[in-house]
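Report on one structure; see the data block that follows.
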Amino acid sequence: MRDTITFTTQIPVDEEGYIELQCQHCNSRFRMHREIWEEGTNDKLFCPSCGIPSKIQSFLTKEVVDNYQTQVSNYINNTIEQLFSGFKNTKYIKFNHKPIKNKQEHQILFIEKDVYLSRCSTCGQIVKIKEIDKIAGFYCPICGDENE
Ligand SMILES: [Zn+2]
Ligand SMILES: [Zn+2]
């Protein structure tokens, strides 16, 4: 498959190896260890705040998805630029082509700064959640059980 194009997006990892995730339903942010991602044993997660399960990919934060889309659209722009650079104006056909500017990728930072380690009493999974979720109770991202 030499026609495969790979885009890589950097996801920041905190000092303990956790990455920030975001629920697409309630926009709540939390952190899970990068192993969850790398091991690929879980294809879905439960949101600690609202408890709605979704595909693990849908928990990527908006910034990560934006950067990914920027990479893809820059790639397409550059491909179009290359295509146009091969055309020459003739007596009959004139190309009036304005170059498309590439977009800049944003630096991704942790948005939710105050997160606290919590352990699920059912399966022992550790997750970093907001204080409010720790106080009010949270759903375990892995087993979905409610922890109060
Ligand atoms: Zn949620
Ligand atoms: Zn659990």
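Laid out as a table, the results:
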read-out: ³J(HN,Hα) computed for each position of segment 66-82 - Karplus, 6.51 cos²θ - 1.76 cosθ + 1.60, integer Hz, glycine/proline x; value: 4, 5, 4, 5, 4, 4, 5, 5, 5, 4, 5, 4, 5, 5, 5, 4, 4
read-out: Residues whose placed amide H lies under 5 Å from that of Ser49, excluding near-sequence neighbours; value: Tyr139
read-out: DSSP-loop trypsin sites (Lys or Arg not before Pro) across segment 50-148, with at most 10 other Cβ within 10 angstrom; value: Lys88, Lys91, Lys94, Lys101, Lys113
read-out: Long-range amide H partners of Thr61 with built H, under 5 Å; value: Gln22
read-out: Sequence-distant residues sharing a close amide H with Asp145 (under 5 Å, placed H); value: Cys140
read-out: Rh by Kirkwood over Cα pairs, then Stokes-Einstein D for the chain at 0.890 mPa s and 25 °C, µm²/s; value: 137
read-out: Per-residue Cβ neighbour rank within 10 angstrom, fewest leading, Arg34, Arg29; value: Arg34, Arg29
read-out: Orientation-averaged projected area, Cα convex hull of segment 68-148 (nm²); value: 8.9
read-out: Neighbour-limited loop hits for GluC sites (Glu not before Pro), segment 1-66 (at most 10 other Cβ within 10 Å; DSSP other than H, G, I, E, B); value: Glu15
read-out: The chain: Lys pairs at Cα distance under 24 angstrom, eight or more positions apart or on different chains; value: 19
read-out: Karplus-derived 3J(HN,Hα), 6.51/-1.76/1.60, for each residue of segment 93-110, Hz, glycine and proline x; value: 10, 10, 9, 10, 10, 8, x, 8, 7, 6, 8, 8, 7, 8, 6, 8, 10, 6
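Every read-out reported here was derived from the displayed coordinates using simple, explicitly stated rules and does not represent laboratory data. The structure displayed is predicted, hence computed values, not measured ones. Methodologically, a virtual Cβ is constructed for each residue, glycine included, from the backbone with ideal geometry; neighbour enumeration extends over all protein chains shown.
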